[in-house]
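The values are calculated or read from the model by the stated rules, or taken from the named source; none is laboratory data. Quick caveat, the model's predicted, so the values are computed rather than measured. Note: ideal-geometry Cβ built from the backbone for every residue, glycine included; neighbour counts use all protein chains shown. Ligands, DNA and RNA are excluded from the accessible area calculation, which covers all protein heavy atoms including side chains. Shrake-Rupley method; radii C 1.70, N 1.55, O 1.52, S 1.80 Å.
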Amino acid sequence: MLRQIKPRNARSKRALEKRAPKIVENPKTALFLRGTSCSQITQDAMADLYSLRQTHAKRFTKKNPIHPFEDSSSLAFFSEKNDCSLLLFGSSNKKRPHTITFVRTFDHKILDMLEFCLDPETFRTISQFKTEKIPVGMRPLMVFAGTAFESPVPNEYTTAKSMLIDFFRGEPSDKIDVEGLRYCVVVTCDEPTGSASSSADPSAKPVLRLRCYAIRTRRSGHKLPRVELEEHGPRMDFRLGRVQQPDEALLKEAMRRAKNPNEERTKKNISTDSMGDKIGRIHVGKIDLSGLQTRKMKGLKRGRDQQAEDGEDEEEAAVRDKQTKRKRKVDV
């Protein structure tokens with residue numbers, strides 16, 4: 001448990017208020033770190049990822065003796081010290097060469113981690129593509145193709161999808177300018193097999209392909225322009241390595257949404273129809289109609305004339321019975 005810092009002046013007070021929890025949180029800041037041994041390919045890959053998220057990212061070039069899956073206390077310290085909720089740690093060794101570990105934190109505690117093993121043969125940097133570069137701070141369109149991303153059970157591929165969305169999300173906004181849609185990030189995954197998904201060897205797992213395309217609009221002779229995609233870079237192929245799933249209690253706390261006092265609370269059983277009229281639904285329990293007091297109307301009573309007619313009908317029926325009996329006796 002870290003000590004509570006009391007601000008001594010207005011500047012430190014503003015800094016603490018900026019880090020304090022909010023109803024609408026600030027965009028997530030990503031921190032790029034490297035280990036004691038980090039290959040040049042891994043450094044180039046992290047530099048390209050840093051350039052795609054330059055406005056909300058920090059990059060350290062000093063070597064850090066950190067092993068994320070063995071002791072993650074140093075990553076939690078870096079997260080709190082720099083107010084970063086996303087960390088990318090690059091390392092390389094003989095057993096796991098060219099790896100980038102994505103780390104997410106909540107309340108400066110490690111939430112989950114996932115290891116991406118980069119393929120050095122297919123890797124291409126942004127500088128190797130001779131195309132017009134995307135301005136800094138643009139939010140991309142994202143496409144995920146593959147049945148592994150649609151699994152109803154949380155696994156390493158759904159975790160990878162969630163982490164990549166968090167990494168490329170940027171600032172939240174309720175309106176989008178079409179001119180601001182300048183590039184697209186496409187992530188595809190091969191179809192996983194039963195033996196490959198259960199294997200601990202990263203080389204046996206399906207390949208995760210990350211591609212970035214610049215969106216170009218051309219004249220088409222019609223009202224709508226013709227859209228073309230040009231590969232912008234970087235080009236990365238990953239295989240997923242070790243994974244640390246989030247703790248259930250910490251994940252539940254992280255997914256909780258604060259109540260906004262400015263939002264109008266929805267009232268139950270009240271709706272508005274297409275004409276703008278407010279309609280309310282009332283729920284009433286079971287009513288006992290046996291004790292219901294009804295109004296006594298004269299029109300519902302039997303009158304004297306009707307009673308007299310009923311009496312005449314009864315007399316006529318009795319006379320007819322007597323006549324039929326007499327006829328039977330005569331016949332006999």
Sequence-distant residues sharing a close amide H with residue 30 (under 5 Å, placed H): 57, 58
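How high is the relative contact order of the chain? Use alpha-carbon pairs under 8 Å, at least six apart in sequence, and give a whole percent. Each step should come with its number before you reach the end.
On the way: 469 pairs, mean separation 48.9, N = 332.
In percent, rounded to a whole number, it is 15.
Tell me the Kirkwood hydrodynamic radius of segment 8-142 in angstroms, computed as one over the mean inverse distance between distinct C-alpha pairs. Write down the numbers at each step before the final one.
Values: mean 1/r = 0.0611 Å⁻¹.
Hydrodynamic radius (Kirkwood, Cα pairs) of segment 8-142 is 16.4 Å.
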Accessible carbon and sulfur surface of segment 109-252 relative to its total accessible area, %, 1.4 Å: 53
Rounded to 5, percent antiparallel among DSSP beta bridges of the chain: 75
Beta bridge orientation in segment 1-87: antiparallel %, DSSP, nearest 5: 10
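Counting GluC sites (Glu not before Pro) as exposed when in a DSSP loop with at most 12 other beta carbons within 10 Å, what is the longest stretch of the chain free of them? Spell out each step's value before the answer.
Working: sites that count: 25, 70, 121, 132, 263, 264.
Segment 133-262 is the longest.
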Which of 138, 236 is most accessible, then next, and so on - probe 1.4 Å: 138, 236
Vicinal HN-Hα couplings computed from phi for segment 43-55 (Karplus, 6.51 cos²θ - 1.76 cosθ + 1.60; Hz; Gly/Pro x): 5, 5, 5, 5, 5, 5, 5, 5, 5, 6, 10, 5, 6
Residues whose placed amide H lies under 5 Å from that of residue 106, excluding near-sequence neighbours: 111
Of 109/133; 94/205; 161/259; 63/130; 6/63, pairs whose Cα-Cα distance is over 29 Å: 109/133; 63/130; 6/63
The chain - mean residue ellipticity at 222 nm from DSSP helices (-39,500 (n - 2.57) per run, n ≥ 4, rounded to 500): -8000 deg cm²/dmol
Alpha carbon centroid spacing (whole Å) that separates segment 163-183 from segment 202-226: 16
The chain - accessible surface per residue (Å², probe 1.4 Å): 73
Student exercise, the chain dipole from Lys, Arg, Asp, Glu Cβ charges, in Debye to nearest 20: 1200
For residue 116, residues with placed amide H under 5 Å, excluding near neighbours: 100, 101, 102, 241
Helix 304-331 axis, angle to the chain major axis (alpha carbon atoms, nearest 10°): 60
DSSP bridge pairs, segment 138-236: antiparallel proportion in percent, nearest 5: 75
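Compute the Cα gyration tensor for segment 125-277, then decide on rounded, prolate or oblate, letting a ≥ b ≥ c be the square roots of its eigenvalues: rounded whenever a/c is under 1.5, prolate when a/b is larger than b/c in the other cases, and oblate in all that remain. Walk me through the intermediate numbers first.
Working: a/c = 2.09, a/b = 1.10, b/c = 1.90.
Oblate, because a/c is 1.5 or more while a/b does not exceed b/c.
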